[in-house]
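The values are calculated or read from the model by the stated rules, or taken from the named source; none is laboratory data. Treat the numbers as computed from the prediction; the structure is a model and nothing was measured. We place every Cβ from the backbone using ideal geometry, glycine too, and count neighbours over all the protein chains shown. Please note that ligands, DNA and RNA were not included when accessible areas were found on the heavy atoms of the full protein model with its side chains. Shrake-Rupley method; radii C 1.70, N 1.55, O 1.52, S 1.80 Å.
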Amino acid sequence: MAEIVLENLCKTFGNVKAVDNLNLKIKEKEFMVFLGPSGCGKTTALRLIAGLEKPTSGNIYFDGEPVNDLEPKERNIAMVFQEYALYPHMSVADNMSLCLQVDKVPKEKIVKKLKITAGILQIEQLLTRKPSELSGGQQQRVALGRAIIRNPSVYLMDEPLSNLDAILRVAMRAELKKLHEKLKTTTIYVTHDQAEAMVLADRVAVLKDGKLLQMDKPRKIYDRPTNKFIAEFVGSPKMNFIKCSLLEKNGQIFLDAGPFSLKVSNGVWTTMKNQAPSSELTMGVRPEHVFVHTKKEKDSIEAKVYFFQQMGNVGYVELGLGNDIQVTAAVKADFEKNIGEKVFVKFDKKHIRFFDEVGEKLIA
Ligand SMILES: Nc1ncnc2c1ncn2[C@@H]1O[C@H](COP(=O)(O)OP(=O)(O)OP(=O)(O)O)[C@@H](O)[C@H]1O
Ligand SMILES: [Mg+2]
């Protein structure tokens with residue numbers, strides 16, 4: 001188990017800044033997820049930590065010791081690559097246990113570890129096969145097995161579940177979480193799947209264009225994303241955004257969105273006054289914080305049903321407020337309104353977030 005510190009870490013390829021001044025501390029025993037869209041530098045950051053790439057500048061420390069000059073094998077890490085890189089001529093069992101064989105671990109111990117690891121990954125029946133006789137998802141599980149069979153200081157995992165079908169993926173991520181609960185090995189896990197990040201992480205580091213945008217507990221990132229990009233990237237369906245202006249009327253502050261306006265409490269107003277660069281803002285509200293009523297209520301906003309999606313135990317309805325505003329609301333799966341019908345909407349005020357006009361900064 002190790003604490004990992006990244007200090008002003010940069011990696012450029014030609015004129016691409018793959019990792020751009022990353023500063024991060026991954027605590028001992030922590031499950032850290034690097035989350036971000038394709039090309040944001042997740043794999044590069046992981047390869048730098050593994051020692052497979054040399055930083056252009058900056059430092060990496062394991063337990064306070066600089067590791068910049070250490071070879072990958074001197075860092076005591078186990079890595080699962082985005083491509084599985086299995087040895088084609090070796091059986092699954094040998095692929096998984098090679099590192100233990102090299103370390104001269106007694107045979108009985110290897111057999112026992114193989115059995116446990118293959119059990120966790122549901123590949124017991126595949127141990128004698130060669131990689132070419134496996135599906136992509138099976139190969140991916142073998143690659144995962146090869147890492148978890150060891151007892152390293154750090155696990156580095158690069159989208160290790162991306163080739164599994166939906167059911168297996170959910171099962172495997174639960175297994176990984178349980179495994180981490182048990183072993184408490186410091187883990188850095190790379191994914192572009194926000195749901196996976198939410199489930200697995202102790203903390204999530206959101207990356208974009210090589211830069212760290214936000215690092216926090218999953219719930220905090222979901223509740224208080226520090227900009228609009230994160231608010232959209234985390235959560236499905238994504239947060240609704242509505243452009244609005246701050247307005248003063250008879251000593252009371254309102255947020256005017258055109259077809260509706262909302263009273264702003266003194267607390268929120270004080271924060272906004274200090275933080276907002278202008279009176280033009282973007283309001284953000286998640287679908288589960290948009291309440292749909294069939295009858296008009298106090299302070300409810302009239303809306304029209306555009307579209308309804310039933311997703312098994314829940315439904316999502318797209319609503320039009322006035323001519324220009326469209327919001328998605330989470331509703332019960334048995335929602336019974338047809339397209340074009342009138343409904344009434346209320347927002348859960350506690351959960352409304354405000355960003356500056358362009359959405360670069362969370363204001364309140
Ligand atoms: N060896 C390389 N040579 C040149 N450019 C590279 C190299 N490796 C990565 N890049 C570039 O660096 C940026 C970050 O790539 P990286 O593979 O780290 O992204 P990623 O977040 O892992 O993306 P994905 O989710 O698609 O795997 C990209 O713009 C990529 O094109
Ligand atoms: Mg990658």
Flagged in region 135-158 as among the charged types (D, E, K, R) and either closer than 17 Å to Gln125 by Cβ or open to solvent by 10 Å² or more (accessible area, probe 1.4 Å) (or both), in numbering order, are Arg141, Arg146, Arg150
Residue pairs qualifying under the 9 Å Cβ cut-off, at least six apart or on distinct chains, with the first in region 63-76 being more than 16 Å from Thr186 (Cβ to Cβ) and open to solvent by less than 40 Å² (accessible area, probe 1.4 Å) and the second being of a type in the set (D, E, K, R) and modelled with pLDDT of 95 or more, are Asn68/Lys54
The correct count of residues that are in a strand (DSSP E or B), touching an Asp or Glu at 6+ places or on another chain (Cβ under 9 Å) and open to solvent by 90 Å² or more (accessible area, probe 1.4 Å) in region 263-306 is 2
Considering residues that are within 16 Å of ligand 1 (Cβ to nearest atom) and not in a loop (DSSP other than H, G, I, E, B), the number found within region 141-161 is 4
**Item:** Ser132 vs. criteria over 22 Å from Glu175 (Cα atoms), open to solvent by less than 30 Å² (accessible area, probe 1.4 Å) and small (Gly, Ala, Ser)
**Value:** no
For this session: Check whether at least one residue in region 41-58 is surrounded by fewer than 17 Cβ atoms within 10 Å (Cβ to Cβ), at pLDDT 95 or above, within 15 Å of ligand 1 (Cβ to nearest atom) and not aliphatic (A, V, I, L, M), and report yes or no.
Result: yes
- prompt: Right, Leu168: under 23 Å from Ser153 (Cβ atoms), aliphatic (A, V, I, L, M), open to solvent by less than 60 Å² (accessible area, probe 1.4 Å) and at pLDDT below 95 or not?
  reply: no
Only unsatisfied item for Glu248, checking (1) surrounded by fewer than 20 Cβ atoms within 10 Å (Cβ to Cβ); (2) touching a residue at least 24 places away in the same chain (Cβ under 8 Å), is (2)
When Gln214 is run through (1) in a strand (DSSP E or B); (2) modelled with pLDDT under 95, the failure sits at (2)
Within region 324-342, the residues that are free of Cβ contacts under 8 Å to residues at least 40 places away in the same chain and part of a loop (DSSP other than H, G, I, E, B) are Ala333, Asp334, Glu336, Asn338, Ile339, Gly340, Glu341
| Does at least one position in region 98-112 carry a residue that is open to solvent by less than 30 Å² (accessible area, probe 1.4 Å), under 28 Å from Phe31 (Cα atoms) and over 27 Å from the mean Cα position of the chain (by Cα)? | yes
Within region 183-211, residues being within 12 Å of ligand 1 (Cβ to nearest atom) and either farther than 21 Å from Thr44 by Cβ or not in a strand (DSSP E or B) (or both) number 4
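Results for (1) at pLDDT 90 or above; (2) touching a strand residue (DSSP E or B) at 6+ places or on another chain (Cβ under 7 Å), shown as yes or no for each residue.
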residue	(1), (2)
Ser132	yes, no
Met157	yes, yes
Lys177	yes, no
Lys182	no, no
Ile188	yes, yes
Ala197	yes, yes
Asp202	yes, yes
Val206	yes, yes
Subset of region 21-38, residues open to solvent by 10 Å² or more (accessible area, probe 1.4 Å) and within 16 Å of ligand 2 (Cβ to nearest atom), comes to Pro37, Ser38
